[in-house]
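Remarks on the structure that follows.
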Amino acid sequence: MKMKKMIIVLICFLMLPAFSLQAQRIEPGDLHYIGAFRLPDGSGGSDWNYSGMAMTWYPQGDADGPDDGFPGSLFAVGHDHQQFVSEISIPPPVISPSKNPADLPVARTLQPFAEITAGMFGYLEMPTPGLAWLPAKGDQSSGKLYWCRGQHIQYQEPTHGWCETDLSNPRSVGPWYFGDHNNYTTCDYLFDIPQRWADENVNGYSLASGRWREGIWSGMGPAFYASAPWLEEELSPADSTISATIPLLLYGIDDPALPEIVTHDSMKMNDYNPGDQWTGACWLTAGDRSALLFAGTRAVGNTWYGYSDGTVWPEEGPWPPVPEWPHDNRGFWSDSISARFLFYDTDDLAAVARGDLNSYQPQPYAVLDINHLLFDPGYGITRYKRFNLGAACFDRENGLLYVMERQADEEKSLVHVWRLRGESTRIGDHKEPDCHLLLQNYPNPFNPRTRIEYRLSVPGHVHLSILDVLGQQCAVLVDRVQTRGVYKMSWNARGLASGTYIIQLKTAGQLVLRRAVLIR
């Protein structure tokens, strides 16, 4: 019997995605939070209320701006109703201990809001825009702003295009179909793939396009593809098709004849929850280390489709009455939410491109909880809780990660900033929080013992605990003050059922999570 269990564990371990050496990965502790800044007043017929769903860094922007360590500019989509785009400066971010937006600097408008899609889409229900700047590709003479537009309900519609960076004369081209792929997997977040990685793995396709659509319509996890619109010979006519696409992450099967992705429990992201909302993505690099990062919210505890007062919407009638405000917004709700970053190993994506892994096999290797950094973590019922995080983008030249927090400055968004791999930096009069590192437990999967290792950069109170996938505490391993250094311990999961558990390292300024799989 013992030998049989060992064989089962070995088989399950071999079925997991092939992970590269940890030294090649970017870890959560490599991200140092350095503060946030506010968005400016409205311009050009739109504003930043209900904004934050698309953003990209532009290295050539704000060329006459100050030499303050935050070069370039941001292009971002404003109010959901107009979906206009504006270019703004990047002021040095500040940490506000009291989470008061008035403490933060305000960006300047460099180009006022403009309609960059030339009115191609009209009204979109619950729009999902994407935006990414890439330098000149192929026969192009200038870098382009690539954009996409999706909506809540759609089926095989043209969604993508590009334009120039001069918003007063964008010269938009599109919209185009994104291959024959499902709209629910392609038209939300856009970001650049490092050219070297793209050349080595996906034929030079360096524009990533993807989407998470709740309710399993996009599969049971976030999706994205590598693409290269500039390789198409004829893309000027509207309704052309971008055929240069390669799926790199898709938790299901894309059947062009069906309006949603075909799913199965064997093809899902670990801890998948239909109430999650992954709204931003970018490809992080630091020297020879890398990670694919998704930003969004994790549904915690009981999740239901219906209204925030607990009313569940049945699959068939009779339909319940709509509750009164503020409970009248129908959608996915949960007991609580947690704003998080997911980290994927880019070697796993290369394995998908080679055909060594299926697109649904890569899994996040680390999770970073950032709820404690948000100005409005969304616990109130008056806002649609799952959308408190929006777009993400990365300044690859300076190692700066930008993430939108929606409706955190009244109805306006805020921009949060992390520095990757850099030393601690003093911004204004505030010191950035000290970061700690929680390594992946080993072995994983395990039965019933596994080793946990973590590093403290400064002394402080440490709470190391084990949670189940519903967020319920199963065990407390450490709850005391510890000095700076490296700590190793063994966790015995005797008495717990097989399944996925979360190792949680909590300090005064940081919360880091790791996933552990117990197989008996």
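Every number here is computed from the coordinates shown, using simple stated rules; none is lab data. All of these numbers come straight from a predicted model, not from anything done at the bench. Glycine also receives a Cβ, built like all others from the backbone with ideal geometry; neighbour counts cover every protein chain displayed.
Observations
- Shape call, segment 293-397: gyration tensor on alpha carbons, a/c limit 1.5: oblate
- When segment 2-433 is described by a simple charge dipole with +1 on each Lys and Arg Cβ and -1 on each Asp and Glu Cβ, the residue from TYR177, MET267, LEU414 located farthest towards its positive end is MET267.
- For segment 455-469, Karplus couplings with θ = phi - 60° (6.51, -1.76, 1.60), whole Hz, Gly/Pro x: 10, 9, 7, 9, x, x, 6, 10, 10, 10, 9, 10, 10, 8, 5
- Simple rule: put +1 on each Lys or Arg Cβ and -1 on each Asp or Glu Cβ in the chain, find the dipole, and look at ALA351, PRO112, ASN329; the Cα lying farthest toward the positive end is ALA351.
- Nonlocal amide H pairs with THR128, under 5 Å, H built at 1.01 Å: GLY150, GLN151
- For ARG38, the residues whose modelled amide H falls within less than 5 Å of its own, excluding neighbours fewer than 5 places apart on the same chain, are VAL106, ALA107.
- Phi-based couplings in Hz for segment 115-127 (Karplus 6.51, -1.76, 1.60; Gly and Pro marked x): 8, 8, 9, 6, x, 5, 10, x, 6, 10, 7, 6, x
- Sequentially through segment 246-256, phi angles give Karplus couplings (6.51, -1.76, 1.60; θ = phi - 60°) of 9, x, 10, 8, 7, 8, x, 10, 8, 9, x Hz, Gly and Pro residues having no value and appearing as x.
- Student exercise, segment 27-166 dipole from Lys, Arg, Asp, Glu Cβ charges, in Debye to nearest 20: 200
- Dipole moment magnitude, nearest 20 debye, the chain about Cα centre, only Lys, Arg, Asp, Glu C-beta charged: 2640
- Pairs of Cα atoms farther than 22 Å apart, segment 435-520, %: 21
- The C-alpha radius of gyration of segment 267-311, expressed as a fraction of 2.2 N^0.38 Å, stands at 1.61.
- Note on the chain: Lys pairs 8 or more places apart or on different chains, Cα atoms under 24 Å apart, count 9.
- Annotation: amide H-H contacts under 5 Å for GLN156 (H modelled 1.01 Å from N, sequence separation of 5 or more, or interchain): ASN183.
- Taking every C-alpha pair closer than 8 Å and separated by at least 6 residues, the mean separation divided by the residue count of segment 435-520 gives a relative contact order of 36 percent.
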